[in-house]
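Colleague: Before anything else, here's the structure in question.
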Amino acid sequence: MRTLTLMTALVAGSALFSAGTAAAQTTAQDWTGPYVGGSLGYTFLDEDDGERVNFDTNLDGAYGDTVRNAGGADVFSPGFCDGANLGNNAAAGCKDDEGVIDAGLRAGYDIAYGGFVLGVVGEVSAVNVNDSVTAFTTTPAAYSFKRSLDTLYALRARVGAPVGSYLLYGTAGVAFGDIEREFNTTNGLNSFTPRGGDDGQGYQLGFGAERRITNSKFSLGAEYLYTSLDDEGYVVNFGRGGAAANHPFVLVNAGGTDTRRDDDTLDLQQVRVTATYRFGS
């Protein structure tokens, strides 16, 4: 619902912004040619309130184990939260991951075909978004995983149709970005060794509308994009450190417990306004 509301508002804003110009009819040919442009909008994370952290206590590569103490109790029984911890215990809660303002630059080429507009567009966006999840133990202690994405790159195809003075289109393609990962804990006794984690690659899809400003090569528009990037391979080994030999993290395997977040994709939604200059018709 939030996505649809924001998209509706942006489309309405785009139309109002160009008010006062004559409602010129356009054809597919009018949208043909190369173009450059920019965007300004809002990026927010696809909600994942049920995210948690998974454990491999015997280091067999299979996650989903329960970390138990010598008495058999689940040491992570206080649970998990979607966000960065505000203290060393579950009662302190977590800070929700927030949306951010994003800005982008794009270049592309459209061509008329059978009354439709076919094209390709490349884009780079500054998003600066953070996504965290935290696990809590009975000690008490907090264990927080954070991933950050500063720059998002995309190459997409577009298929559109002129409707009055508007071009309505759908778009889909590949996306990738350099995902930075970070682990933090309030536990100063054990050892924590991170490993792995590659750049995020995935897909992007969405829809939008542009309105040609009469007697000019400029158009204004609104757009919605959904992006999903793979985020696999980042693991933190919880080792013994200065703890006792029967510490829960090394109770099953002296090599420690491998730990990772259970959501292996970084999913974003973006709503933005666009401005485009066309070199063609």
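Colleague: Which one of PHE55, PHE44, PHE76 is outside any strand (DSSP E or B), among the aromatic types (Phe, Trp, Tyr) and either modelled with pLDDT of 95 or more or within 27 Å of GLU123 (Cβ to Cβ) (or both)?
Modeller: PHE76
Colleague: Is at least one residue of the stretch 95-104 within 22 Å of ALA172 (Cα to Cα) and either buried (at least 21 other Cβ atoms within 10 Å of the Cβ) or more than 20 Å from the chain's Cα centre (by Cα) (or both)?
Modeller: Taking every residue of the stretch 95-104 in turn, at least one turns out to be within 22 Å of ALA172 (Cα to Cα) and either buried (at least 21 other Cβ atoms within 10 Å of the Cβ) or more than 20 Å from the chain's Cα centre (by Cα) (or both).
Colleague: In addition: Considering each of GLY256, GLY200, GLY196 in turn, give the residue that is at pLDDT below 95 and within 26 Å of ASN58 (Cβ to Cβ). Please lay out each step first, then the result.
Modeller: Working: GLY256 fails: at pLDDT below 95; GLY200 fails: within 26 Å of ASN58 (Cβ to Cβ).
Answer to the selection: GLY196.
Colleague: To continue, here is another question. Of (1) at pLDDT 90 or above; (2) under 26 Å from ASN128 (Cβ atoms), LEU189 satisfies all except one. Which?
Modeller: (2)
Colleague: Determine the pairs where a residue that is more than 17 Å from ASP46 (Cα to Cα), located within the stretch 93-112, has a partner that is among the basic types (Lys, Arg) with Cβ atoms under 8 Å apart, the partner being 6 or more residues away or on another chain.
Modeller: Listed by first residue and then by second, the contacts come to GLY104/ARG272; GLY108/ARG158; ASP110/ARG158.
Colleague: Among the numbered criteria (1) under 20 Å from ASP258 (Cβ atoms); (2) part of a loop (DSSP other than H, G, I, E, B), which single criterion is violated by PHE183?
Modeller: (2)
Colleague: Got a number for residues in the stretch 109-134 being surrounded by fewer than 21 Cβ atoms within 10 Å (Cβ to Cβ), in contact with a strand residue (DSSP E or B) (Cβ under 6 Å, 6 or more places away or on another chain) and either farther than 28 Å from ASP231 by Cα or of a type in the set (S, T, N, Q) (or both)?
Modeller: 6
Colleague: More than 18 Å from VAL120 (Cβ to Cβ) and free of Cβ contacts under 8 Å to residues at least 24 places away in the same chain: does that describe GLY196?
Modeller: no
Colleague: Please enumerate the residues belonging to the stretch 261-281 that are surrounded by fewer than 21 Cβ atoms within 10 Å (Cβ to Cβ) and within 30 Å of ASN190 (Cβ to Cβ).
Modeller: Correct list: ASP262, ASP263, ASP264, THR265.
Colleague: Would you call ALA135 assigned to a strand (DSSP E or B) and either farther than 30 Å from CYS94 by Cβ or modelled with pLDDT under 95 (or both)? It would help to see each step written out before you state the result.
Modeller: Details: assigned to a strand (DSSP E or B): yes; either farther than 30 Å from CYS94 by Cβ or modelled with pLDDT under 95 (or both): no.
No, not satisfied.
Colleague: So GLU123 fits all but one of (1) in a strand (DSSP E or B); (2) at pLDDT below 95; (3) not small (Gly, Ala, Ser); what number is the exception?
Modeller: (2)
The values are calculated or read from the model by the stated rules, or taken from the named source; none is laboratory data. On a predicted model such as this, the values are computed, not experimentally measured, just so you know. We place every Cβ from the backbone using ideal geometry, glycine too, and count neighbours over all the protein chains shown.
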